[in-house]
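The structure appears right after this line, and notes come after that.
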């Protein structure tokens with residue numbers, strides 16, 4: 001009886017070990033160019049603010065390079081940088097700030113010097129129709145106007161702090177959101193009257209929010225760097241994707257989304 | 001509150017006290033021992049990971065940073081208030097589910113567990129749609145009384161209570177169903193009203209179950225992240241609880257995030273261990 005119990009346990013734990021090992025053999029991307037061009041899976045880690053434009057670029061890239069499959073991981077730049085530095089199997093990293101990119105290159109996980117491929121600046125996002133009549137940064141300090149900013153730890157928050165300092169405006173937000181999409185969704189839900197978000201985010205949600213330009217945002221322009229990662233499982237695919245983002249076709253998509261050329 | 005009365009009532013104890021004396025003589029089956037060991041390793045290894053990676057040399061400076069204590073105090077306060085709210089509303093609801101036959105009881109029981117399966121972020125949005133400025137109740141609260149719940153400490157308590165209450169209800173309902181109803185029947189035959197029976201017989205009988213449920217509820221509230229940041233936002237001193245502070249620290253400084261996580265772990269495990277000795281195990 002005892003022997004049988006031991007056997008059952010051994011089989012169960014053996015199975016666990018086997019299934020555990022099975023995962024590691026999953027290479028996925030090979031990246032060996034079959035007919036000269038890139039092929040296989042390309043995994044791109046990109047800042048949340050690139051969601052719409054990179055999704056389009058990814059589809060275009062797959063059409064131009066048959067046999068490729070682009071997979072995205074969109075999140076806050078800093079979270080992505082942490083994942084990459086902890087060994088996530090990514091091919092390309094596109095960050096919303098050079099500071100965040102630096103944490104990856106400093107850890108020795110980048111290749112070459114990251115290229116700045118676009119720039120983005122802030123606008124004031126207000127609910128459609130602008131019920132509180134916000135026209136400039138100073139209007140955000142008036143009583144009864146609730147404002148959401150990004151937390152200073154994330155790029156859009158750092159830019160907001162810089163822009164507010166440039167304008168000499170001191171305001172107390174009701175919340176410091178974890179990323180730009182969080183700040184935007186508070187405007188969409190009508191919980192705040194205004195938020196400082198990227199022009200591209202306001203444009204992507206034009207159905208629900210209006211974006212108001214303000215001059216001080218020129219003092220807080222965000223550069224977006226992109227790089228092929230050192231441990232990229234698909235080097236050839238990664239290089240082709242980075243080149244495509246900087247090509248005329250890639251630029252056209254990014255400009256249409258509201259990004260500025262570097 | 002005589003906690004030791006459950007010995008006679010046959011309430012299922014969440015924490016058996018002295019089984020080791022009897023079972024020491026028998027051999028533990030290997031078929032149980034191996035998966036149990038794997039299970040323990042699975043739960044404990046991530047904690048070991050935090051401890052190994054912790055920046056021990058800079059720990060003292062990081063602990064004294066002002067934002068840390070503020071977030072910790074807010075976390076402990078809101079989790080405790082949320083637990084009190086859950087006790088006030090959840091115990092009667094659990095009693096209703098366990099003791100009263102009414103049409104649709106199975107549906108109500110399923111509905112109670114909705115916050116368990118709902119991703120917390122979705123729960124936060126659902127709360128906004130009800131208690132938000134444009135929400136069904138929130139809009140009225142705002143216009144009639146000028147009360148707004150999002151972005152306030154009260155909002156944090158509401159978000160935590162929403163996510164944590166099912167843990168309390170399920171624990172208390174389980175205790176009530178496991179409790180011997182003959183004591184309540186005896187009280188009734190002796191002329192006690194239902195309310196008196198509830199306060200003098202039922203509550204003492206299931207006190208350990210309520211304590212266990214409250215501890216689970218408190219622990220869940222303490223770790224709450226998704227519903228809180230969605231419904232109450234993130235502002236230091238007002239709505240930034242420890243999990244939110246950990247998440248934001250992660251954006252820039254992995255070491256700081258690890259320190260914050262360790263503080264939260266040490267404080268909560270200490271409190272839980274102390275309460276466990278006091279409430280759940282008998283002297």
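List of remarks:
- Exactly one residue among B:87, B:93 is touching a helix residue (DSSP H, G or I) at 6+ places or on another chain (Cβ under 8 Å), farther than 28 Å from residue B:237 by Cα, in contact (Cβ under 8 Å) with a residue 12 or more places away in the chain and part of a helix (DSSP H, G or I), and that residue is B:93.
- Qualifying residue in the stretch B:259-278 (condition: in contact (Cβ under 8 Å) with a residue 24 or more places away in the chain, more than 22 Å from residue B:120 (Cβ to Cβ) and within 12 Å of chain A (Cβ to nearest Cβ)): no
- Checking residue B:50 against (1) touching a residue at least 40 places away in the same chain (Cβ under 8 Å); (2) out of contact with any helix residue (DSSP H, G or I) (no Cβ under 9 Å at 6 or more places or on another chain), the condition it does not meet: (2)
- Residue in the stretch B:130-143 that is touching a residue at least 40 places away in the same chain (Cβ under 8 Å) and under 19 Å from the mean Cα position of the chain (by Cα) present: no
- Residues of the stretch B:150-172 classified as closer than 20 Å to residue B:237 by Cβ and in contact (Cβ under 8 Å) with a residue 40 or more places away in the chain, total: 10
- Candidates are the residues of the stretch B:94-129 that are under 23 Å from the mean Cα position of the chain (by Cα) and within 14 Å of chain A (Cβ to nearest Cβ); the one that is surrounded by the fewest Cβ atoms within 10 Å (Cβ to Cβ) is B:122.
- Leading residue by the ranking (farthest from the chain's Cα centre (by Cα)) among those in the stretch B:58-83 that are within 30 Å of residue B:213 (Cα to Cα) and exposed (fewer than 15 other Cβ atoms within 10 Å of the Cβ): B:69
Conditions tested, residue by residue: (1) within 14 Å of chain B (Cβ to nearest Cβ); (2) within 16 Å of the chain's Cα centre (by Cα); (3) at pLDDT 95 or above.
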position: A:186; (1), (2), (3): yes, no, no
position: A:191; (1), (2), (3): yes, no, no
position: A:194; (1), (2), (3): yes, no, yes
position: A:199; (1), (2), (3): no, yes, no
position: A:206; (1), (2), (3): no, no, no
position: A:217; (1), (2), (3): no, no, no
position: A:226; (1), (2), (3): no, yes, yes
position: A:233; (1), (2), (3): no, no, no
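- With respect to being more than 14 Å from chain A (Cβ to nearest Cβ), over 28 Å from residue B:152 (Cβ atoms) and surrounded by 10 or more Cβ atoms within 10 Å (Cβ to Cβ), residue B:55 fits the description.
- Residue ranges of strands (runs of 3 or more DSSP E) in the stretch A:51-155 with at least 2 members within 13 Å of chain B (Cβ to nearest Cβ) and within 23 Å of residue A:194 (Cα to Cα): A:147-150
- Test result for residue B:178, surrounded by fewer than 24 Cβ atoms within 10 Å (Cβ to Cβ), out of contact with any strand residue (DSSP E or B) (no Cβ under 9 Å at 6 or more places or on another chain), touching a residue at least 40 places away in the same chain (Cβ under 8 Å) and over 20 Å from residue B:83 (Cα atoms): yes
- Taking the stretch B:228-261 as the range and being part of a helix (DSSP H, G or I), surrounded by fewer than 19 Cβ atoms within 10 Å (Cβ to Cβ) and within 23 Å of the chain's Cα centre (by Cα) as the test, no residue passes.
- The requirement of being part of a strand (DSSP E or B), away from every other protein chain (no Cβ under 11 Å), more than 13 Å from the chain's Cα centre (by Cα) and modelled with pLDDT under 95 is fulfilled somewhere in the stretch A:26-40, by at least one residue.
- Selection status of residue B:208, within 14 Å of another protein chain (Cβ to nearest Cβ) and assigned to a helix (DSSP H, G or I): no
- Yes/no for residue A:96 being touching a strand residue (DSSP E or B) at 6+ places or on another chain (Cβ under 7 Å), crowded, with 24+ Cβ neighbours inside 10 Å and outside the structural domain of residue A:244 (by TED's automatic domain parsing): no
- Test: residue in the stretch A:235-245 that is in the same structural domain as residue A:173 (by TED's automatic domain parsing), assigned to a helix (DSSP H, G or I), crowded, with 19+ Cβ neighbours inside 10 Å and under 18 Å from the mean Cα position of the chain (by Cα): no
- Any hit, the stretch A:163-177, residues being within 14 Å of chain B (Cβ to nearest Cβ), surrounded by fewer than 20 Cβ atoms within 10 Å (Cβ to Cβ) and in a loop (DSSP other than H, G, I, E, B): yes
The values are calculated or read from the model by the stated rules, or taken from the named source; none is laboratory data. These figures come from a predicted structure and were not determined experimentally. Cβ coordinates were reconstructed from backbone atoms using ideal geometry, including for glycine residues, and neighbour counts include every protein chain displayed.
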